[in-house]
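The values are calculated or read from the model by the stated rules, or taken from the named source; none is laboratory data. Quick caveat: nothing in here was measured; it's all calculated off a predicted structure. Quick reminder, even Gly has a Cβ in these numbers, built from the backbone with ideal geometry, and neighbours come from all protein chains shown.
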Amino acid sequence: MFKGENIFEFSLRQAQTDIFSIFKQTLFVLFIIFFSINNLSFARDVNSSMQQAGENYRNAEYDKAINIYEQLISEGYKGTSLYYNLANSYYRIGKLGYAILNYERALKISPSDEDVKHNLAFANLSTVDRIQPLPTFFLFEWWETVLASLSVNGWTYAAFIFYLVLLLLIILYFFARTIFQQKIILFSGLGTLIVLVLIVSLLVVKINREQTVISGVIVDQSTTVKTSPDPNSTDAFVIHEGLKLNLEDRLDEWVKIKLADGKVGWIENNAVEEI
């Protein structure tokens with residue numbers, strides 16, 4: 001209470017402050033409840049839509065299933081099962097490009113999912129183009145295999161787990177009662193640190209790859225690759241639906257592509273979809 005302020009004025013001001021504080025807390029709680037109810041409602045709607053699409057798929061109503069899956073995606077929902085089921089539906093109606101596109105999207109989220117990998121490999125058998133990738137050193141192949149084994153989230157979780165293990169070992173080191181126990185913990189900690197550094201390196205590379213290397217899939221039955229972003233430029237070669245490639249650059253309605261064998265060229269934007 002400052003000088004010149006009577007007890008009644010001070011009590012009134014304090015009461016106003018308390019009421020305002022309670023009001024803010026109440027609004028926060030109501031916001032949390034409202035947000036939770038919306039999330040539960042959205043989850044129920046998604047589950048209901050997925051069940052309806054699954055029923056349409058079982059009844060061979062693939063177009064209806066595709067419409068539901070695409071609607072969920074347009075609303076911002078993403079998931080391995082969503083892309084996987086959408087890919088299966090597209091495959092059933094003969095749209096190979098869109099099927100492979102969505103298998104790839106599912107695999108990007110869950111790189112170790114065996115069902116997705118199996119169906120993607122099966123779908124790739126139906127593609128026309130057989131592109132032989134440029135030869136690479138076996139260590140680089142091993143690195144790429146390890147890198148692709150987990151998603152960005154997967155490598156993040158792995159790094160966090162090994163970080164916690166390292167912290168635990170540091171704590172245990174100071175509580176060790178014998179020199180032998182300290183040595184065991186020390187060597188375990190060094191091994192954990194090495195693995196942690198490797199995982200963080202893989203995570204950094206994975207994040208950088210996600211941001212810089214953009215892949216796509218041809219969704220048109222066939223498209224002619226041009227030497228420059230001009231419909232009157234020279235034809236370079238022809239590629240077909242389902243082919244996976246890298247998207248190097250964009251210019252107006254054209255996309256610069258690069259194949260696994262090193263070939264480059266330009267195609268129209270609507271012929272390819274980004275994974």
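Restricting the search to helices (runs of 4 or more DSSP H) fully inside the stretch 96-183 and requiring at least 1 residues that are modelled with pLDDT of 95 or more gives 96-109, 114-124, 152-175. Restrict the check to the stretch 163-178 and report whether at least one residue is without any contact (Cβ under 8 Å) to a residue 12 or more places away in the chain, surrounded by 13 or more Cβ atoms within 10 Å (Cβ to Cβ), touching a helix residue (DSSP H, G or I) at 6+ places or on another chain (Cβ under 8 Å) and farther than 30 Å from Asn246 by Cβ. Yes, the stretch 163-178 contains a residue that is without any contact (Cβ under 8 Å) to a residue 12 or more places away in the chain, surrounded by 13 or more Cβ atoms within 10 Å (Cβ to Cβ), touching a helix residue (DSSP H, G or I) at 6+ places or on another chain (Cβ under 8 Å) and farther than 30 Å from Asn246 by Cβ. One residue stands out in the stretch 207-264 among those that are charged (D, E, K, R) and assigned to a strand (DSSP E or B): the one that is surrounded by the fewest Cβ atoms within 10 Å (Cβ to Cβ), namely Asp235. Would it be correct to say that Val197 is surrounded by fewer than 13 Cβ atoms within 10 Å (Cβ to Cβ) and assigned to a strand (DSSP E or B)? So Val197 does not fit the description; no.
Glu210: acidic (Asp, Glu) and either modelled with pLDDT of 95 or more or under 30 Å from Phe160 (Cβ atoms) (or both), yes or no? For Glu210, the condition - acidic (Asp, Glu) and either modelled with pLDDT of 95 or more or under 30 Å from Phe160 (Cβ atoms) (or both) - is met. Only one of (1) more than 24 Å from the chain's Cα centre (by Cα); (2) touching a residue at least 12 places away in the same chain (Cβ under 8 Å) fails for Leu196. Which number is that? Tallying (1) more than 24 Å from the chain's Cα centre (by Cα); (2) touching a residue at least 12 places away in the same chain (Cβ under 8 Å), Leu196 fails exactly one: (1). For the stretch 56-94, filtering for residues that are in a loop (DSSP other than H, G, I, E, B) and within 23 Å of the chain's Cα centre (by Cα) leaves 5.
Give the residues of the stretch 95-110 that are under 13 Å from the mean Cα position of the chain (by Cα) and either buried (at least 19 other Cβ atoms within 10 Å of the Cβ) or without any contact (Cβ under 8 Å) to a residue 40 or more places away in the chain (or both), sorted by residue number. Within the stretch 95-110, Asn102, Tyr103, Glu104, Arg105, Ala106, Leu107, Ile109, Ser110 qualify. Just a yes or no: is a residue in the stretch 52-67 surrounded by 21 or more Cβ atoms within 10 Å (Cβ to Cβ) and touching a Lys or Arg at 6+ places or on another chain (Cβ under 8 Å)? Looking for residues that are surrounded by 21 or more Cβ atoms within 10 Å (Cβ to Cβ) and touching a Lys or Arg at 6+ places or on another chain (Cβ under 8 Å), one finds at least one in the stretch 52-67, hence yes.
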